[in-house]
Amino acid sequence: MAAYSKRRLFAAHSISLLLWASAFTGIRVGLQAYSPEHLSLLRFLIGSLFLLLLAPFFRLRLPAWKDLPALVLLGGLGFAAYHTALNFGEQTVSAGAASLFVTTTPIFSALFALVFFREQFGPRGWCGALIAFAGVVICSLGMGEALQASDGIFLILLAAISESIYFAFQKRYVEKYGVFAFTAYTLWAGTLFMLCFWPGLGTAIAQAPWDVTLSVVYLGIFPSVVAYLALAYVTSVVGTSEATSSLYMTPVLAFLIAWAWLGEVPTLVTLAGGVVTLGGVLLATMKPGSAGSSLRKQAF
């Protein structure tokens, strides 16, 4: 793969990781003034409007009738189900613990890709994934989280499975319609599902502090649109398993962003967990026999 293409992939993957990591802190801020359902709807109304403003600059290929059910279903799972369940889950589960359970997404994605598309991850990939997940557990212990069974954890795992299906099945439609069109159609479909949360949204906006609403605007544009566009591009090039493997880095980055944004200082155990997670990600994504500076073709 040309060096230019590798740089583009690396940039796209880095953008998606950083923006999704920031979303956990953004959600915590948003929930200070908005209910989980209003936060989901407002976030994706903003994202939908942003995509509408960008649409004239892209040639959108209208979806075939036979593809509409799949696009609507993927939008409902990847946007409406995932984000609404995550918002409700974070009412009773802290951001650190939530990010831990969301990191099961790459595992579910790789399993779906293996079962339905025979997409191989390989022994090195699975070993790296397990090490990375262990690192996330260490991060969680460093935060002093008591991981007990609860409705919140169930909702976050449900969110992870919904997102995994979206990632596993998106490649075919991204290749057919393009990154922008696929993301736009599925996000708009997901937003339609969330319109049932409309009652009371205007009052919530009027009563919310401006800085909290500004956080929701950020969520709607960057983690909701830009990050999905970036990862859809990576998936179209390297496949689901490889594209989602480095999402294990999300909790580590989330801790650092919360440190900068909310002043939540990570412990030494959390930092150690971050190092273990990084090592697992590098093992899963690096070419066998390559040096530390030689990255696997999918750009991480």
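The values are calculated or read from the model by the stated rules, or taken from the named source; none is laboratory data. Given the structure is predicted, the values throughout are model-derived calculations rather than measurements. Cβ placement follows ideal geometry from the backbone for every residue including glycine, while neighbour counts extend to all protein chains displayed.
Tell me, yes or no, whether region 32-49 has at least one residue that is of a type in the set (Phe, Trp, Tyr), assigned to a helix (DSSP H, G or I), surrounded by 22 or more Cβ atoms within 10 Å (Cβ to Cβ) and modelled with pLDDT of 90 or more.
Within region 32-49 (the criterion being of a type in the set (Phe, Trp, Tyr), assigned to a helix (DSSP H, G or I), surrounded by 22 or more Cβ atoms within 10 Å (Cβ to Cβ) and modelled with pLDDT of 90 or more), the answer is yes, since at least one residue qualifies.
From the list Leu155, Leu114, which residue is at pLDDT 80 or above and part of a helix (DSSP H, G or I)?
Selected residue: Leu155, the only one of Leu155, Leu114 that is at pLDDT 80 or above and part of a helix (DSSP H, G or I).
Mind listing whichever residues of region 16-39 are of a type in the set (A, V, I, L, M, F, W, C) and under 16 Å from Leu256 (Cβ atoms)? Quick ask: steps written out before the conclusion?
First, the residues of region 16-39 that are of a type in the set (A, V, I, L, M, F, W, C): 17-21, 23-24, 27, 29, 31, 33, 39.
Within region 16-39, Leu17, Leu18, Leu19, Trp20, Ala21, Ala23, Phe24 meet the criteria.
Just to verify a result, which residue in region 199-240, among those that are polar (S, T, N, Q) and buried (at least 23 other Cβ atoms within 10 Å of the Cβ), is nearest to Leu86 (Cα to Cα)?
Only one residue tops the list, namely Ser224.
Consider Lys6 carefully, then state whether it is farther than 20 Å from Leu229 by Cβ and basic (Lys, Arg).
no
Could you please let me know if Ala227 is touching a Gly at 6+ places or on another chain (Cβ under 6 Å), within 20 Å of Leu52 (Cα to Cα) and in contact (Cβ under 8 Å) with a residue 40 or more places away in the chain?
no
Cys139 is checked against (1) at pLDDT 90 or above; (2) in contact with a Pro (Cβ under 6 Å, 6 or more places away or on another chain) and fails just one. What number does that condition carry?
(1)
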